[in-house]
Amino acid sequence: MKKIKINDITIRDIFQTIDPGFINQKLLGRIIDHISKVKFDSIEVFGGSAFEKMLSNYNFTNPFEIVETIKNKNPMLNLVALIGARNLVSIEVYPATVIKKFIKNCIKAGINRFKVFDALNDFDNFRLITEAISENGSTCQGTIIFDDLQPPDYYIDASAKLKSLGCESICIKDVESTLLPHRSQLLFRGLNSALDIKFYLSTYNLRGLQVSNYYNACMEGCEGVDLSFIPSSYNDLSPSVFPLILSLKDTGSTVETDYLKVLELFEWFKKNIYPMIKNEMLLAGFIFSNKNRNLLPKWLLTSINSQLSEIGESNRIDIVLEEVFRIKNEIGNPSLSTPVGQIIGSQAILNTIISDYRWEITNDEIKKLVNGYYGRLPRNIDEKVASKIIDKTASADDGVDQEEAMAAFEPKKYPPEDDKTFTQCAEEIKSLSSREEDVLSYMFFPDKTYAKLEAKKHPGKQDLKNGIQLSETGELRFPDFFQQEQQASIGDIDLNKIRQITELVDTSNIDEIKLEIDGVKISINKKAQSFGKDVKNSNLHDIPDAAKIDLSGGTGTASSQSTADEKNIVFIKSPIVGTFYRSSAPGAPPFVEIGTKVKKGQAVCIIEAMKLMNKINSDYDGTVLEILAVNEDAVEYDQALLKIKI
């Protein structure tokens with residue numbers, strides 16, 4: 001009897017679905033104990049946004065440590081990591097040296113197999129990662145993101161390409177729930193007839209079709225499937241493993257599990273894990289439809305809802321979801337896998353909630369995506385949209401030929417083959433850690449990693465931003481309010497900041513500005529008004545006069561004003577709302593002290609605003625009498641920072 005293999009993705013789903021602060025070593029140990037009893041073929045521990053969510057858990061230093069904990073608990077477990085071909089676990093693209101270090105540290109921690117995907121199905125992107133996996137003696141399962149618009153031969157050709165690159169098996173992954181049972185049957189029948197390699201299927205139960213898809217695929221030679229004990233939709237009553245076991249009865253195939261142990265695991269999860277699952281969304285009207293339209297992956301749906309909740313716009317989620325698929329169609333219909341899902345989701349909020357008109361504001365990542373940085377898009381881009389965001393000089397009326405534009409733009413297919421970025425990151429955290437896994441985590445998600453390392457390095461010192469504290473005994477603690485889900489880097493943008501800057505541009509003579517907000521580079525462009533005026537903005541806040549703020553980045557000169565009652569005294573004031581820093585970097589000496597003699601044009605402090613580090617210079621020669629702001633404190637526009645006698 002054929003045994004259908006199950007890759008259990010429960011642990012990955014737990015970190016993506018519940019508040020990270022709930023998961024400590026004791027709870028994780030109990031989860032592993034219960035999962036181990038079922039004896040699944042493999043356990044998928046991180047992938048997609050789970051790596052960052054693991055960093056949001058302050059009971060562990062980094063995700064590699066979580067993998068080590070799981071492996072040490074049960075060395076016999078076959079652990080799997082789901083990773084992007086070039087972006088690994090974040091939104092950036094990495095060189096071969098970083099990819100090799102990442103793979104090496106994953107294997108060292110306990111990963112046995114890698115499921116590798118590319119959001120654009122650009123299979124040239126697999127070369128570096130498959131080489132790194134092979135060199136380190138591990139195995140790679142090449143993953144093809146299912147695209148309902150592709151013909152059957154596409155999957156055969158793609159599978160052959162991945163096999164030639166060294167993949168030992170192939171997984172078809174249905175990210176947007178467009179795979180229907182009859183298509184599953186035909187797809188796997190054709191694949192198994194054409195190629196001598198093992199095929200797997202990964203899909204979700206957002207429409208209640210997961211088991212039907214799995215059944216038809218298994219009847220046509222599918223070797224294994226992904227299953228989870230965490231509901232993949234808010235209407236799930238129980239895990240799909242139960243109806244799958246029943247559907248395979250009397251077919252000559254079965255799943256290699258102990259039914260009673262599966263039932264025991266489900267009952268334990270229902271009692272101990274399900275109460276922690278966030279059920280803030282119930283979008284049945286969006287999910288249930290007689291049309292087979294694309295659906296957002298649950299993690300992306302939750303991420304968008306969280307961002308809208310933060311700015312009080314949750315009631316407009318339907319507009320944003322429609323915009324996600326509108327953008328998706330306009331830019332070549334890429335899948336909503338990471339990192340493309342985050343990029344399009346962020347742009348959809350900019351287009352509908354923040355801007356007065358579509359494409360008024362564009363983030364740097366959407367430009368990178370359209371211009372080939374992440375790989376070749378599956379289809380042509382809408383000409384009107386391309387004229388706004390393709391890196392090619394063209395007016396709104398010219399139209400842009402996609403092939404010509406892509407030829408004119410030199411895609412940064414692979415970053416330089418050197419260790420510069422890794423070395424730079426290692427230097428930045430050398431006082432906190434020299435471990436490669438910490439440097440990698442810092443490279444992927446610097447803010448979260450730095451906060452954790454700082455808390456661990458200085459027992460008893462509290463991180464004012466996150467409220468994290470490490471006791472003198474080395475136990476990490478976090479406050480009750482530290483239960484908010486941390487979003488992916490593209491979702492960390494403060495949307496209210498963008499609203500303010502947008503109004504500033506609209507009321508000034510600036511045609512376009514480019515700036516970085518919370519780590520994400522964006523462009524705000526008045527010229528986009530000629531296209532997409534169908535979306536209105538609302539509830540903009542009052543902001544200072546545009547003429548008083550320097551948004552160009554780099555250095556800025558603060559306004560200096562003498563007082564009427566103190567002769568030869570001036571105050572250096574903040575030109576923008578931001579965070580006051582006395583030095584250029586943590587541990588570096590302050591720019592000035594009380595009594596320091598300064599020259600005109602000399603930097604005296606830094607105001608960090610939206611991730612731009614603006615050096616504030618003195619307009620006068622003089623002596624510092626007082627420092628009026630506290631290091632790392634928030635400061636207001638026009639707030640006095642330093643008192644100087646000239």
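The values are calculated or read from the model by the stated rules, or taken from the named source; none is laboratory data. Since we're looking at a predicted model, the values are computed, not measured. Backbone-built Cβ (ideal geometry, glycine too); neighbour counts: all protein chains shown.
Below are the figures for this structure:
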{"quantity": "Per-region count, the range 50-63, residues touching a residue at least 40 places away in the same chain (Cβ under 8 Å) and either of a type in the set (Asp, Glu) or out of contact with any Gly (no Cβ under 9 Å at 6 or more places or on another chain) (or both)", "calculated": "7"}
{"quantity": "Those residues of the range 308-318 which are part of a helix (DSSP H, G or I) and in contact (Cβ under 8 Å) with a residue 60 or more places away in the chain, in sequence order", "calculated": "Glu310"}
{"quantity": "Matching residues in the range 168-224 - criterion: being small (Gly, Ala, Ser), modelled with pLDDT under 95 and at negative phi", "calculated": "none"}
{"quantity": "Qualifying residue in the range 381-389 (condition: within 22 Å of the chain's Cα centre (by Cα), modelled with pLDDT under 90 and under 23 Å from Leu149 (Cβ atoms))", "calculated": "yes"}
{"quantity": "Number of the condition not met by Leu149 [criteria: (1) of a type in the set (A, V, I, L, M, F, W, C); (2) surrounded by fewer than 19 Cβ atoms within 10 Å (Cβ to Cβ); (3) in a helix (DSSP H, G or I)]", "calculated": "(3)"}
{"quantity": "Filter pass, Tyr215 being assigned by TED's automatic domain parsing to the domain that holds Val45, touching a residue at least 40 places away in the same chain (Cβ under 8 Å), of a type outside the set (Lys, Arg) and farther than 24 Å from Lys37 by Cβ", "calculated": "no"}
{"quantity": "Enumeration of residues in the range 127-177 that are hydrophobic (A, V, I, L, M, F, W, C), touching a residue at least 60 places away in the same chain (Cβ under 8 Å) and more than 19 Å from Gly332 (Cβ to Cβ)", "calculated": "Leu128"}
{"quantity": "Test result for Lys249, more than 23 Å from Gly47 (Cβ to Cβ), out of contact with any Pro (no Cβ under 6 Å at 6 or more places or on another chain), among the charged types (D, E, K, R) and at pLDDT 80 or above", "calculated": "yes"}
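Residues are listed down the side, and each one gets a yes or a no for (1) under 17 Å from Ile646 (Cβ atoms); (2) in contact (Cβ under 8 Å) with a residue 40 or more places away in the chain; (3) part of a loop (DSSP other than H, G, I, E, B):
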residue	(1), (2), (3)
Ile576	no, yes, yes
Thr579	no, yes, no
Pro586	no, no, yes
Glu593	no, no, yes
Ile606	no, no, no
Thr623	yes, no, no
Glu626	yes, no, no
Asn631	no, yes, yes
